[in-house]
1. Using only the alpha carbons of the protein assembly as shown, determine the length spanned along each of the three principal axes and report them from longest to shortest in whole angstroms.
2. Note the distances from A:ALA99 to each other copy's matching label point, with points 7 Å along the Cα-to-beta-carbon direction, in nm, sorted shortest first.
3. Amide H of C:GLU32: which non-local residues (sequence gap of 5 or more, or other chain) have their own amide H closer than 5 Å, using H built in the peptide plane?
4. What are the ³J(HN,Hα) couplings of region A:24-41, residue after residue, when phi is run through the Karplus curve with 6.51, -1.76, 1.60 and θ = phi - 60°? Round to Hz, x for glycine and proline.
5. Given Cβ point charges of +1 (Lys, Arg) and -1 (Asp, Glu) and nothing else, what value in debye, to the nearest 20, does the dipole of region A:8-138 about its Cα centre take?
6. In a shell of Cβ-Cβ distance under 10 Å around D:ASP100, excluding D:ASP100 itself, what net charge do Lys and Arg (+1) and Asp and Glu (-1) give?
7. May I have the extent of the alpha carbons of region D:1-59 along their three principal axes, as whole Å values ordered from largest to smallest?
8. Once phi is turned into ³J(HN,Hα) by the Karplus curve 6.51 cos²θ - 1.76 cosθ + 1.60 with θ = phi - 60°, what whole-Hz value does each residue of region B:57-73 show in order, with x for glycine and proline?
Number of protein chains: 4
Amino acid sequence: MRPSVMTAEEIGKLLHEEFPQAFYPGCGLTLEDIHYGDVRVRRDFHEDHIRPGGTISGPTMMELADFAMYVAVFSAIGPQPLAVTTNLNINFLRKPTQADLIAHARLMKVGKRLAVGEVTLYSDGSDEPVAHVTSTYSIPASR
Amino acid sequence: MRPSVMTAEEIGKLLHEEFPQAFYPGCGLTLEDIHYGDVRVRRDFHEDHIRPGGTISGPTMMELADFAMYVAVFSAIGPQPLAVTTNLNINFLRKPTQADLIAHARLMKVGKRLAVGEVTLYSDGSDEPVAHVTSTYSIPASR
Amino acid sequence: MRPSVMTAEEIGKLLHEEFPQAFYPGCGLTLEDIHYGDVRVRRDFHEDHIRPGGTISGPTMMELADFAMYVAVFSAIGPQPLAVTTNLNINFLRKPTQADLIAHARLMKVGKRLAVGEVTLYSDGSDEPVAHVTSTYSIPASR
Amino acid sequence: MRPSVMTAEEIGKLLHEEFPQAFYPGCGLTLEDIHYGDVRVRRDFHEDHIRPGGTISGPTMMELADFAMYVAVFSAIGPQPLAVTTNLNINFLRKPTQADLIAHARLMKVGKRLAVGEVTLYSDGSDEPVAHVTSTYSIPASR
């Protein structure tokens with residue numbers, strides 16, 4: 001696979017500078033495997049994410065998918081913290097188990113104005129996706 | 001407008017019983033106007049929701065929209081805490097201001113298996129929507 | 001309501017010049033009510049659109065919704081035939097009757113790069129929507 | 001790969017019986033590769049599908065994606081012609097060339113009530129997708 005434009009360390013540093021309240025040591029998010037337009041991110045299981053029925057909440061999954069897309073955008077176009085989501089569509093497929101969530105994001109298009117990708121979410125240890133997301137990011141013109 | 005199947009108080013009580021970690025006195029969410037399939041929910045502004053550029057984060061908006069749809073489902077079919085989102089599609093339209101977020105959810109279909117609705121999000125004090133959501137909930141067969 | 005940037009006649013003329021195979025006298029599409037970012041379009045009922053179960057086909061509804069959004073974009077930004085759909089999301093709500101389809105398109109955002117709108121589809125004579133669409137058009141930079 | 005519940009011939013026969021006006025010898029649609037929940041469908045290039053800018057029209061792509069999902073549903077649950085699309089989300093990624101369109105549909109979930117899949121569309125001879133679709137079908141209870 002083509003290497004990422006930024007290393008996992010560089011992306012982590014940028015995220016921590018830009019979102020200190022969301023991405024910090026011990027926040028539970030790990031950048032596990034970072035290639036150009038193809039990244040894997042892990043969210044540690046935490047009981048705060050549980051909803052009725054014992055499943056992880058939908059917003060927790062949406063947040064992780066959006067975060068993974070954001071990382072994938074960095075992996076392809078470099079440090080652009082002002083890139084913003086314009087559209088996100090999620091289909092919830094299965095009840096996640098009470099385990100870490102894994103997000104695999106893959107860009108399908110990297111244009112001058114828009115980046116479009118899909119994110120598949122898994123419960124750690126399972127091959128069956130728990131949710132599937134497609135998302136579009138708008139890339140600042142100043143690029 | 002047709003009255004809600006459950007009052008705002010009954011919905012609030014149910015939410016608190018089912019999601020004590022998310023809905024509790026002081027959590028920042030208010031059920032403001034509850035009719036059958038047509039509800040308005042407010043989320044107090046909180047600086048934790050800010051992302052680079054000074055805007056409220058996308059996941060904060062997605063979470064509020066999903067919550068408002070959940071309340072709208074209760075308003076139409078009564079206490080069904082195991083109703084689950086199967087699809088959510090969001091378009092981000094404008095940068096929210098640093099103000100409370102208002103979600104207006106309206107069901108377009110209440111079927112035996114599926115409820116489909118749209119949610120428009122506003123910054124308090126503005127008429128221009130900051131985001132628009134459509135969402136589908138699956139209704140348990142046991143109903 | 002604010003008047004359209006182009007009249008219904010001007011839009012019809014442009015459509016006929018650009019898509020002679022799709023929009024021509026007798027094609028079954030009528031521009032009924034054209035305001036700025038708010039348009040109503042009718043598609044005559046035709047038995048070719050029926051699918052099993054006696055309902056109008058999904059692609060017929062998607063095509064009409066996309067067409068109505070295209071007209072709504074013209075109503076707001078003028079003659080831009082190279083505007084292209086980047087995203088379209090449709091929820092099918094009810095079985096249409098064997099009647100004309102009415103599409104009511106309304107833009108929620110008209111930006112420099114993107115226009116975002118929603119389209120509600122009805123069977124003529126009914127108030128209950130048969131489908132709901134949100135869609136994004138990309139606007140050429142040359143504008 | 002797991003074999004399809006119906007052969008390509010059986011699916012073609014069913015489509016012709018149920019949609020004689022859409023699927024017939026010479027209609028331009030070919031079922032090329034049919035496995036369980038994983039199908040490839042081809043649409044012959046036809047100049048009627050062209051829109052301004054020389055590209056194949058969006059509705060042509062949406063119709064093909066919806067058709068491919070329908071075939072994928074048959075491949076997994078057998079002859080259920082009354083299965084209906086409840087949601088379809090499409091991202092247009094690149095301008096197709098003036099060539100046949102290939103749709104690769106893959107189911108991500110086959111539940112009792114809902115089947116969810118994704119469809120990637122290509123111009124014949126290219127590896128870069130021209131559009132990506134996710135879609136949900138509702139499966140009749142009588143199954």
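Rule-based calculations on the coordinates, nothing more; no lab input. Since this is a predicted model, take the numbers as computed values, not measurements. No Cβ is skipped: glycine too gets one built from the backbone with ideal geometry, and neighbour counts run over all protein chains shown.
1. 61, 54, 53
2. 4.0, 4.6, 5.2
3. Close amide H contacts, sequence-distant or interchain: C:ARG40, C:VAL41, C:ARG42.
4. Values per residue, Gly and Pro as x: 7, x, x, 6, x, 9, 10, 8, 8, 8, 10, 10, 4, x, 8, 9, 10, 10 Hz.
5. Working: 11 positive and 17 negative charges, 106 e Å.
Value, rounded to 20: 500 debye.
6. Values: positive: D:ARG42, D:ARG43; negative: D:ASP44, D:ASP124.
Cβ neighbours under 10 Å give a net charge of 0.
7. Answer, in whole Å and largest first: 41, 27, 15 Å.
8. Karplus values, whole Hz, x for Gly and Pro: 5, x, x, 4, 5, 5, 5, 5, 5, 5, 4, 4, 5, 4, 5, 4, 4.
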